[in-house]
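For reference, the structure discussed in these notes is given below.
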Amino acid sequence: MATPPREFEVIDIRRLPSTDPKRLGKRDVLVVYALDPYRRYVVTIPEEDFSEDKLREVVRADIEERGRWLNKKFPL
């Protein structure tokens with residue numbers, strides 16, 4: 001990713017039972033966010049940790065991780 005995005009938009013938010021075996025019986029917040037009209041991504045955050053600041057932190061980490069892999073070529 002050449003230039004990091006400066007903002008994101010929350011498209012949808014859902015509270016669901018956690019799929020993590022270590023968190024059985026707990027809930028996660030699933031957030032669909034957009035960087036622009038063409039790119040939408042999903043992150044999950046434990047419900048008990050969910051806040052606006054935590055959402056920013058998780059989205060920022062998601063964008064950084066994706067940036068390490070985008071446009072990388074691998075030999076077969």
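Which of the residues that make up region 1-12 are at pLDDT 95 or above and surrounded by 13 or more Cβ atoms within 10 Å (Cβ to Cβ)? Selection gives PHE8 alone. Here is the figure for region 45-75: residues that are over 11 Å from the mean Cα position of the chain (by Cα) and among the acidic types (Asp, Glu) total 5.
Taking first residues from region 60-76 that are among the hydrophobic types (A, V, I, L, M, F, W, C) and partners that are outside any helix (DSSP H, G or I), the Cβ contacts under 7 Å between residues at least 6 apart in sequence or on separate chains come to ILE63/PRO4; ILE63/PRO5; LEU70/MET1. Among residues of region 1-23 that are part of a strand (DSSP E or B), those with a Cβ under 9 angstrom from a residue that is loosely packed, with under 10 Cβ neighbours inside 10 Å and of a type in the set (A, V, I, L, M, F, W, C), sequence gap 6+ or separate chain, pair up as PRO17/LEU24.
Table: residues versus (1) touching a Ser or Thr at 6+ places or on another chain (Cβ under 9 Å); (2) surrounded by 13 or more Cβ atoms within 10 Å (Cβ to Cβ).
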{"site": "ARG27", "(1), (2)": "yes, yes"}
{"site": "VAL32", "(1), (2)": "no, yes"}
{"site": "LEU35", "(1), (2)": "no, yes"}
{"site": "GLU52", "(1), (2)": "no, no"}
{"site": "LEU76", "(1), (2)": "no, no"}
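The values are calculated or read from the model by the stated rules, or taken from the named source; none is laboratory data. Not measured: the values here are computed from a predicted model. Cβ: placed from backbone, ideal geometry, glycine included. Neighbour counts: every protein chain shown.
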